Amino acid sequence: MNQDINFHPSSGNIFEDLGFENADEMLAKAELTRQINLIIQQKKLTHEDVAKLLTIELSQAIELEKGKLLKFSTDDLIRFLKALGKDVEIIVKNTSSVSGKLTVTDTESNVMVS
């Protein structure tokens, strides 16, 4: 079976590649959720611990671990990071492009997602 396979280069944002409307926000939420889950793993917190610490339902703690992005707002995720002992900094700056972009950076590991 010799089939031609068409490849399309990635934009760097899987949500954009899949055609989601708010792709940059979804990517930022995915990174915030990844950071939250990394902290939870490092602290070896149970779902019960997470629910109590973040003042959410047990079912929501499980959904958070599974990365259910639509279940939580960006505000929720920022609140969770603060409750887990992280500072969250939002920077607004000028851009030369027509529309701005949203970037999440982890200063400890120098990981940047935009």
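Where a number appears in this text, it was derived from the coordinates with a stated rule and is not lab data. Keep in mind that this is a model prediction, so the values were computed, not measured. Don't worry about glycine lacking a Cβ; one is built from the backbone with ideal geometry, like all the others, and counts go over all protein chains shown.
Helix content alone sets the calculated 222 nm mean residue ellipticity of the chain: runs of n ≥ 4 DSSP H residues at -39500 (n - 2.57) each, divided across all residues, give -13000 deg cm²/dmol. For a quick check, take a GNM of the chain with Cα springs below 10 Å and name the residue from 22, 94, 37 with the largest mean-square fluctuation. Looking only at 22, 94, 37, the biggest GNM fluctuation is shown by 94. Pair-distance distribution of the stretch 21-81: all C-alpha pairs, bin width 10 Å, starting at 0; shares per bin in whole percent are 24, 60, 15, 2. Assuming charge only on the beta carbon of Lys and Arg (+1) and of Asp and Glu (-1), the dipole of the stretch 31-114 about its Cα centre is about 100 debye to the nearest 20. Residues in the stretch 10-16 carry Karplus couplings, in order, of 6, 7, x, 10, 4, 5, 5 Hz; the curve used is 6.51 cos²θ - 1.76 cosθ + 1.60 with θ = phi - 60°, and Gly or Pro positions show x. Protection proxy ranking for 24-36, 59-71, using the average of other Cβ atoms within 10 Å per residue and placing the highest first: 24-36, 59-71. Helix 74-83 axis versus longest C-alpha principal axis of the chain: approximately 40°, rounded to the nearest ten. Computed from the alpha carbon atoms alone, the convex hull of the stretch 1-48 holds 161 Å³ per residue. The phi-based Karplus calculation (6.51 cos²θ - 1.76 cosθ + 1.60; θ = phi - 60°) puts the 3J(HN,Hα) values of the stretch 68-73 at 6, 4, 6, 7, 10, 7 Hz, whole numbers, x for Gly and Pro.
For residue 74, put the label point 7 Å out on the Cα→Cβ axis and report which residues of the stretch 45-65 keep their amide N under 12 Å from it. Inside the label zone: nothing.
Of the chymotrypsin sites (Phe, Trp or Tyr not before Pro) found in the stretch 1-94, those that fall in a DSSP loop while having at most 11 other beta-carbon atoms within 10 Å are 7.
Considering only the Cα atoms of the chain, their convex hull presents on average a projected area of 10.6 nm².
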